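Coordinate-derived values only; no laboratory data. Computed from a prediction, not measured in an experiment: that's the story for all the values here. Note that we place each Cβ from the backbone using ideal geometry, even for glycine, and neighbour counts take in every protein chain shown.
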Amino acid sequence: MTTSRMPALFLGHGSPMNVLEENSYTQAWRALGQSLPRPTAILAISAHWYTRGTAVTAMEKPRTIHDFGGFPQALFDTQYPAPGSPALAARVQQLLSPIPVTADKTEWGLDHGSWGVLIKMYPEADIPVVQLSIDGTQPAEYHYQLGQKLAALRDEGVLIVASGNVVHNLRMVKWQGDTAAYPWAESFNNYVRDNLDYKGDHHPLVNFMEHEGAALSNPSPEHYLPLLYVLGSWNGEEPITLPTDGIEMASLSMLSVRVG
């Protein structure tokens, strides 16, 4: 048990190449790892474990998943051998009850949405990591409510690290030339940034599809939904800051959010 409340993070993870590269985003992730109180464990919530139903990794040694293609061999050779934590997995199940949460002891591990940022924050891979899946059959409000239930972990020394991108449209990425953000991407990114500390009913970031730029910014919601777990863990009073911001390749937001 810790006497101070751990922050909660949503990190815009961007390209898997950030694992191999050094840039302003990876430097910001590294700075977080160096400045935050050292967590007893990490609960990772990644856009890349998108499931029917909710599951949590419960193995002692989660494998490093290379869930991408077409990248340099060095990226596939990279491992992140952080230990798991069956005890934290059981605690997650307890907190989310009566929602059934499957304890996955064999199938998943840590995908690049999780280890791709953690390898910069905690390169020694010596902090236990458990990953929670995102139930793609459920509405946005469900994920926000799960974040509210998981907030108790922050008082138990656990760092919540959610990973995705609030604007994620790979079909419209500009790989070269003029990569200025599309107006709809910039508008939606600003909308998210401006409503992070909203208090009240009908939260605009839970009801994000009401924004005119939401459909283009999120053709599918899995990269946006991790943000809602972090916002759900907010107590309404803590400071909310932005470790990173910006739009890469016209349609990929690198906005990151720190609660607490």
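Laid out as a table, the results:
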read-out	value
Dipole magnitude of the chain, debye to nearest 20 (Cβ charges: Lys/Arg +1, Asp/Glu -1, about Cα centre)	460
Antiparallel bridge percentage (DSSP; both residues within the chain; nearest 5)	30
Inter-label distance for Tyr50 and Asp178, nm, one decimal - labels placed 7 Å from Cα along Cα-to-Cβ	3.0
Vicinal HN-Hα couplings computed from phi for the stretch 123-139 (Karplus, 6.51 cos²θ - 1.76 cosθ + 1.60; Hz; Gly/Pro x)	x, 6, 6, 10, 10, x, 10, 10, 10, 9, 7, 10, 6, x, 8, 10, x
Backbone N within the stretch 27-58 under 18 Å of label point (7 Å from Thr137 Cα along the Cβ vector)	49-56
³J(HN,Hα) computed for each position of the stretch 205-212 - Karplus, 6.51 cos²θ - 1.76 cosθ + 1.60, integer Hz, glycine/proline x	8, 7, 8, 5, 5, 6, 6, 5
Hits among lysines - C-alpha to C-alpha of Lys199 under 24 Å, sequence gap 8 or more where chains match	Lys149
Those lysines that a straight Cα-Cα span of less than 20 Å connects to Lys120, excepting residues fewer than 8 apart in one chain	Lys61
Neighbour-limited loop hits for trypsin sites (Lys or Arg not before Pro), the stretch 28-131 (at most 12 other Cβ within 10 Å; DSSP other than H, G, I, E, B)	Arg52
Which labelled figure in [x] 56; [y] 43; [z] 52 is percent of Cα pairs over 24 Å apart, once derived from the coordinates	[y]
Label-point separation, Asn23 to Ala125 (7 Å along Cα→Cβ), nm	2.4
Filtered GluC sites (Glu not before Pro), the stretch 116-168: DSSP coil and at most 11 other beta carbons within 10 Å	Glu124
Loop sites in the stretch 184-260: GluC sites (Glu not before Pro), DSSP, at most 14 other Cβ within 10 Å	Glu212, Glu237
Cα gyration tensor of the stretch 30-174 - equivalent ellipsoid semi-axes, whole Å, descending	23, 20, 16
